[in-house]
1. Using a ≥ b ≥ c from the Cα gyration tensor of the chain (square roots of the eigenvalues), is it rounded, prolate or oblate, where a/c under 1.5 gives rounded and otherwise the larger of a/b and b/c decides, a/b for prolate?
2. Restricting to DSSP loop positions (anything but H, G, I, E, B) with no more than 16 other Cβ atoms inside 10 Å of their own Cβ, which trypsin sites (Lys or Arg not before Pro) remain in region 105-142?
3. Please enumerate, by chain and number, the lysines with C-alpha under 18 Å from the C-alpha of K137, excluding those fewer than 8 residues away in the same chain.
4. Expressed as an acute angle from 0 to 90° and rounded to the nearest 10, what is the orientation of the C-alpha long axis of helix 109-122 relative to the principal long axis of the chain?
5. As a footprinting exposure proxy, order E134, E113 by other Cβ within 10 Å, with the fewest listed first.
6. I'd like the orientation of helix 55-64 relative to the chain: the angle between its Cα long axis and the longest Cα principal axis, in ° from 0 to 90, rounded to 10.
7. Near I125, within a Cβ-to-Cβ distance under 13 Å, what is the net charge of the other residues, with Lys and Arg +1 and Asp and Glu -1?
8. Net charge near I274, counting Lys/Arg +1 and Asp/Glu -1 over other residues with Cβ under 12 Å of its Cβ?
Amino acid sequence: MQLDYDLLIGGGGLAGNCLALALKNSGLNIALIEAVSRQQLQQSTAGDRALALSAGTVMMLQNIGIWDEVKSKATAIKKIHISDRGHFGKMRLSAEKQGVEALGYVIAARDIETPIAQLIEAEKIQQFCPAKIETLKADESAITVTLKQENKNSQISAQLLVGADGGQSTIRGLLNIEQHKKTYQQTALITTINSSLPHQNIAYERFTASGPLALLPIAKNQSAVVWTRTSSEANALMSASEKDFIAQLQHCFGYHLGELTLAAKRIAFPLTLIRAKKMQAQRSVIIGNAAHQLHPVAGQGFNLGLRDVVQLAEMLTKQQQQKHDIGDAKFLDKYTQARQKDHNKTIGFTDNVVKVFSNQWLPLAAIRNASLTALDHIPVAKNLLASHAMGLADYLPLVSNHSKR
């Protein structure tokens, strides 16, 4: 059977585009399918969200050929300050003490999505955009996708379909892949603030009774805010006046950055841990947010998704070089098994942080604060934590493998 493509990537967002760029020299004939027009993506408020890029993620972006295109828009995190509101525990991490240029970077989603989309255009990767996937049909030799474009239907086929179409994944639904869901009864409030004092490239994570508050450095006197509250508190804060909202934020955070003022509108979204019960089906695999959605407490969503991308690209390239079927069921099983350890560790860590630091039971509060203080004064433990915070423990094997290509 003559196939139209080797690989179809459903989703032209960060995960899908990064996968296409990671495979640009693989010899695979690739097509990208995106349901939303580039103009709609550019105008979406989702582009305003801040992404925390670990040092390991930056290394991956460098190897894919993306980082040079976006680094001018990114703000380095030189220090991380972690505290527990109302308690004595604190911990500080420093890039200088770790011997690195930065512990990580912060960038607006739009400022990385746009250059990546331009790289896709420059590489002349085939795109169907806007195009909606209507049906899927897989057999032993191929998967066939029915696309709807401007009220016209067409079919294209490939050895493999990768679902990289986000949390509301159409592909996951068509594959009948169920999800595990855990509702945190929390809502994240997203905005940007101006501060009377410069942030000095410090990222703050402050744990409170209702959930964590993160202030991430962006412009010189601006920080991105991710403020987790109970659902009822979040509703009240969204309804509050700008003056009252800032007053409550200032009370929660303190005056590390001086006086705070709002620099952007407030956005709220409920927090749920979502994980697909499986990642593969016949001649299909899902990655990134289509496979998992995390609480933002540790800023690991995009970082974990990029690790999905890089490991899949590495394995697909090897499979192609050996002239093996990239949609083979055993190959897809091998990939999903390879991702399980990282998924279990990262999702478990994130979930446990939410449990431990949203609990005000006094004995537990005492233990966690003693632990923060101890970590701050034990170099070996602190260095290990810094390595995980920078994503290097997870990324170095992938960086090494990808660099050898």
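1. Prolate.
2. Loop-located and lightly packed - K124.
3. K148
4. Orientation of helix 109-122: about 20 degrees from the principal axis.
5. On the way: E134 14, E113 23.
So the residues, fewest neighbours to most, are E134, E113.
6. It works out to around 30 degrees.
7. Here the charged neighbours net out to -2.
8. Counting the neighbours of I274, the net charge comes to +3.
Only the coordinates and a few stated rules stand behind these numbers; no lab work does. No experiment lies behind these values; they were computed from the predicted model shown. Glycine also receives a Cβ, built like all others from the backbone with ideal geometry; neighbour counts cover every protein chain displayed.
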